[in-house]
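The values are calculated or read from the model by the stated rules, or taken from the named source; none is laboratory data. Here the structure is a predicted model, which means the values were calculated and not measured. Positions of Cβ are backbone-derived with ideal geometry, glycine not excepted, and every protein chain shown enters the neighbour counts. Surface areas here come from the heavy atoms of the whole protein model, side chains and all, with no ligands, DNA or RNA. Shrake-Rupley method; radii C 1.70, N 1.55, O 1.52, S 1.80 Å.
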Amino acid sequence: DDNSQLWLSTNTNAANRQLIASVPNWAPANQWNSSPSQTSAPVNLLGETRYYFEVLQKEGGGGDHVQVAWTGPGVSSITIIPSSALDVFPPLFPDVN
């Protein structure tokens, strides 16, 4: 909403994550080109391989949202990553409520 970052690891290890995209300020839902940093450079992902990714979002006020989408072979247009492609990772801060 007011600032977001997308981090991706080369594997399931969070320590290997790198910032691949960010939105420096507010952007409307489904608008994928509000800033140049919003789209990552092409990243080759292998099917059936698990990757750690992390999304950080800053909310300054008003409504909020965060979306992560992909394109590629078999995905002809920008598509929000479906929950069926995601798995839960143990939280980095398990004591925070």
Residue list for region 1-15, filter: outside any loop (DSSP other than H, G, I, E, B) and surrounded by 10 or more Cβ atoms within 10 Å (Cβ to Cβ): Asn3, Ser4, Gln5, Leu6, Trp7, Leu8, Ala14
Residue match in region 16-29 (condition: at pLDDT 85 or above, part of a strand (DSSP E or B) and open to solvent by 80 Å² or more (accessible area, probe 1.4 Å)): yes
Name the residue that is farthest from the chain's Cα centre (by Cα), counting only residues in region 43-74 that are β-branched (Val, Ile, Thr) and not in a loop (DSSP other than H, G, I, E, B). Thr71
Say we look at region 32-44 and pick out the residues that are open to solvent by 60 Å² or more (accessible area, probe 1.4 Å) and modelled with pLDDT of 90 or more; which of these is farthest from Ser4 (Cα to Cα)? Asn44
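Kindly evaluate Val66 against the criterion of being among the hydrophobic types (A, V, I, L, M, F, W, C) and open to solvent by less than 60 Å² (accessible area, probe 1.4 Å).
No; evaluated as a whole, the condition is false for this residue.
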Among the candidates Ser77, Ser40, Ser34, which residue alone is in a loop (DSSP other than H, G, I, E, B), without any contact (Cβ under 8 Å) to a residue 12 or more places away in the chain and hydroxyl-bearing (Ser, Thr, Tyr)? Ser34
